[in-house]
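For reference, the structure is listed below as C-alpha coordinates.
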Amino acid sequence: MSAVLLLNGPNLGILGRREPEIYGFDTLADIEAAVTATVSERGWKVIAAQHESEGELIGVVQRNYDTVGAIVNPGALMIAGWSLRDALASYPSPFIEVHLSNVWAREAFRHESVLAPLASGVIVGLGAFGYQLAARALLHRVP
Ligand code: DQA
(Lines give C-alpha, C1' and ligand atoms only; values in the text may rest on other atoms or scores of the structure.)
Protein backbone atom coordinates (compact mmCIF):
# COMPACT_ATOMS: atom_id res chain seq x y z
CA MET A 1 0.00 0.00 0.00
CA SER A 2 1.30 3.47 -0.86
CA ALA A 3 2.22 5.66 2.09
CA VAL A 4 2.84 9.31 2.89
CA LEU A 5 5.63 10.16 5.29
CA LEU A 6 4.60 12.62 8.02
CA LEU A 7 7.72 13.90 9.72
CA ASN A 8 7.83 16.22 12.70
CA GLY A 9 10.95 17.60 14.29
CA PRO A 10 11.95 18.70 17.77
CA ASN A 11 9.39 19.96 20.28
CA LEU A 12 6.43 19.01 18.10
CA GLY A 13 5.57 15.90 20.10
CA ILE A 14 4.17 18.15 22.83
CA LEU A 15 1.75 20.02 20.59
CA GLY A 16 -1.41 20.86 22.46
CA ARG A 17 0.62 21.75 25.55
CA ARG A 18 3.35 23.73 23.81
CA GLU A 19 2.69 27.50 23.76
CA PRO A 20 -0.91 26.93 22.58
CA GLU A 21 -1.34 30.64 21.91
CA ILE A 22 1.20 30.14 19.09
CA TYR A 23 0.77 26.51 18.07
CA GLY A 24 -2.86 25.83 18.99
CA PHE A 25 -4.47 23.06 21.01
CA ASP A 26 -4.37 20.23 18.47
CA THR A 27 -2.08 17.39 19.49
CA LEU A 28 0.23 15.58 17.13
CA ALA A 29 -2.14 12.60 17.36
CA ASP A 30 -4.98 14.89 16.16
CA ILE A 31 -2.83 16.03 13.25
CA GLU A 32 -1.82 12.49 12.31
CA ALA A 33 -5.47 11.43 12.37
CA ALA A 34 -6.51 14.35 10.13
CA VAL A 35 -3.74 13.64 7.61
CA THR A 36 -4.60 9.93 7.65
CA ALA A 37 -8.26 10.72 6.95
CA THR A 38 -7.32 13.03 4.07
CA VAL A 39 -4.96 10.69 2.25
CA SER A 40 -7.18 7.66 2.80
CA GLU A 41 -9.22 9.11 -0.09
CA ARG A 42 -6.53 7.69 -2.36
CA GLY A 43 -6.05 4.54 -0.31
CA TRP A 44 -2.72 5.82 1.06
CA LYS A 45 -1.59 5.16 4.59
CA VAL A 46 0.56 7.42 6.77
CA ILE A 47 3.95 6.66 8.26
CA ALA A 48 4.25 9.20 11.07
CA ALA A 49 7.41 9.96 13.03
CA GLN A 50 8.46 12.67 15.45
CA HIS A 51 11.94 12.96 16.88
CA GLU A 52 13.84 15.48 18.94
CA SER A 53 17.14 14.81 17.19
CA GLU A 54 18.17 15.47 13.62
CA GLY A 55 19.94 12.10 13.29
CA GLU A 56 16.81 10.14 14.06
CA LEU A 57 14.80 12.20 11.59
CA ILE A 58 17.40 11.50 8.91
CA GLY A 59 17.14 7.76 9.63
CA VAL A 60 13.39 7.92 9.11
CA VAL A 61 13.80 9.73 5.79
CA GLN A 62 16.42 7.24 4.57
CA ARG A 63 14.27 4.25 5.51
CA ASN A 64 11.23 5.67 3.71
CA TYR A 65 12.47 6.70 0.29
CA ASP A 66 9.70 4.52 -1.16
CA THR A 67 6.88 6.73 0.16
CA VAL A 68 4.80 8.66 -2.40
CA GLY A 69 5.42 12.03 -0.74
CA ALA A 70 6.18 13.66 2.57
CA ILE A 71 4.89 16.36 4.88
CA VAL A 72 7.72 17.80 6.94
CA ASN A 73 7.62 20.17 9.85
CA PRO A 74 11.28 20.43 10.80
CA GLY A 75 10.64 22.76 13.76
CA ALA A 76 13.75 24.79 14.53
CA LEU A 77 15.80 22.52 12.24
CA MET A 78 14.47 24.74 9.47
CA ILE A 79 17.15 27.21 10.50
CA ALA A 80 20.29 25.09 10.23
CA GLY A 81 19.31 21.46 9.73
CA TRP A 82 21.80 20.93 6.92
CA SER A 83 22.03 17.15 7.40
CA LEU A 84 18.25 16.81 7.27
CA ARG A 85 18.32 19.02 4.20
CA ASP A 86 20.81 16.66 2.55
CA ALA A 87 18.69 13.61 3.42
CA LEU A 88 15.68 15.27 1.83
CA ALA A 89 17.77 16.16 -1.24
CA SER A 90 17.94 12.41 -1.91
CA TYR A 91 14.25 11.90 -1.16
CA PRO A 92 12.80 10.98 -4.57
CA SER A 93 9.19 12.12 -4.06
CA PRO A 94 7.73 15.59 -3.48
CA PHE A 95 7.60 16.97 0.04
CA ILE A 96 5.67 19.85 1.51
CA GLU A 97 7.17 21.88 4.37
CA VAL A 98 4.67 22.95 7.04
CA HIS A 99 4.93 25.40 9.92
CA LEU A 100 1.98 25.87 12.22
CA SER A 101 2.90 29.45 13.06
CA ASN A 102 3.54 32.26 10.61
CA VAL A 103 7.31 32.19 10.93
CA TRP A 104 7.56 35.42 8.91
CA ALA A 105 5.65 37.28 11.62
CA ARG A 106 8.00 36.02 14.32
CA GLU A 107 11.65 36.45 15.32
CA ALA A 108 14.12 37.08 12.48
CA PHE A 109 15.96 33.79 13.17
CA ARG A 110 12.83 31.95 11.97
CA HIS A 111 12.80 33.68 8.60
CA GLU A 112 15.19 31.27 6.85
CA SER A 113 14.55 27.63 5.99
CA VAL A 114 17.34 25.49 4.60
CA LEU A 115 14.71 22.96 3.49
CA ALA A 116 12.36 25.31 1.66
CA PRO A 117 14.34 25.47 -1.61
CA LEU A 118 13.89 21.70 -1.95
CA ALA A 119 10.21 21.63 -1.01
CA SER A 120 7.44 21.45 -3.58
CA GLY A 121 5.64 24.02 -1.45
CA VAL A 122 5.65 25.61 1.96
CA ILE A 123 2.60 26.21 4.16
CA VAL A 124 2.97 28.54 7.13
CA GLY A 125 0.71 30.18 9.67
CA LEU A 126 -2.46 28.12 9.23
CA GLY A 127 -2.06 26.01 12.35
CA ALA A 128 -2.88 22.32 12.31
CA PHE A 129 -5.04 22.86 9.23
CA GLY A 130 -1.80 23.44 7.31
CA TYR A 131 -1.02 19.72 7.54
CA GLN A 132 -4.36 18.85 5.94
CA LEU A 133 -3.66 21.34 3.18
CA ALA A 134 -0.26 19.74 2.66
CA ALA A 135 -1.91 16.31 2.44
CA ARG A 136 -4.31 17.68 -0.14
CA ALA A 137 -1.41 19.21 -2.06
CA LEU A 138 0.24 15.78 -2.25
CA LEU A 139 -3.00 14.25 -3.48
CA HIS A 140 -3.02 16.89 -6.20
CA ARG A 141 0.67 16.56 -7.01
CA VAL A 142 1.19 12.81 -6.98
CA PRO A 143 -0.43 10.94 -9.88
C1 DQA B 1 7.52 25.71 13.82
C2 DQA B 1 8.22 27.06 13.72
C3 DQA B 1 9.67 26.94 14.15
O4 DQA B 1 10.30 28.21 14.07
C5 DQA B 1 9.74 26.45 15.59
O6 DQA B 1 11.10 26.28 15.95
C7 DQA B 1 8.98 25.21 15.80
C8 DQA B 1 7.64 25.13 15.22
C9 DQA B 1 6.01 25.82 13.48
O10 DQA B 1 5.42 24.79 13.21
O11 DQA B 1 5.46 26.91 13.53
O12 DQA B 1 9.41 24.30 16.49
O13 DQA B 1 8.11 24.81 12.90
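A few remarks follow.
- In a fully extended conformation the segment linking ILE22 and SER120 would gain 32.8 nm over its present Cα-Cα distance, using 0.36 nm per residue.
- Label zone at LEU133 (point 7 Å along Cα-to-Cβ), backbone N below 18 Å, segment 83-106: 95-106
- Per residue accessible area in Å² of segment 3-141, where ligands, DNA and RNA are left out and the probe is 1.4 Å: 46 Å²
- Taking θ as phi - 60° and the Karplus parameters 6.51, -1.76 and 1.60, the scalar couplings of segment 90-98 work out to 8, 6, x, 10, x, 10, 10, 8, 10 Hz in sequence order, x denoting glycine and proline.
- Amide hydrogen neighbours beyond the local backbone of GLY81, cut-off 5 Å, H modeled: VAL114
- Unit charges at the beta carbon, dipole of segment 3-141: most positive-side option, ALA37, ASN102, ALA48: ALA37
- Table column - 3J(HN,Hα) (Hz), segment 3-15, Karplus curve with 6.51, -1.76, 1.60, x for Gly and Pro: 9, 9, 8, 10, 10, 10, x, x, 6, 9, x, 9, 4
- Amide H within-cut-off set for VAL98, under 5 Å, with H built and near neighbours excluded: VAL72, ASN73, ILE123
- Debye, to nearest 20: dipole size of segment 3-141, +1 on Lys, Arg Cβ, -1 on Asp, Glu Cβ: 300 debye
- Near ALA3, the amide H atoms lying under 5 Å from its own belong to LYS45, VAL68; only residues 5 or more places off or on other chains count, and H is placed 1.01 Å from N.
- Between GLU112 and SER40, the modelled labels are 4.2 nm apart [label points 7 Å from Cα along Cα→Cβ].
- GNM flexibility winner over the chain from ILE22, ILE31, ILE47 (Cα, springs under 10 Å): ILE22
The values are calculated or read from the model by the stated rules, or taken from the named source; none is laboratory data. All figures in this text were calculated on a predicted structure; none of them were measured in a lab. Neighbour counts run over all protein chains shown; Cβ positions are idealised from the backbone, glycine included. The accessibility values were calculated without ligands, DNA or RNA, using every heavy atom of the protein model including side chains. Shrake-Rupley method; radii C 1.70, N 1.55, O 1.52, S 1.80 Å.
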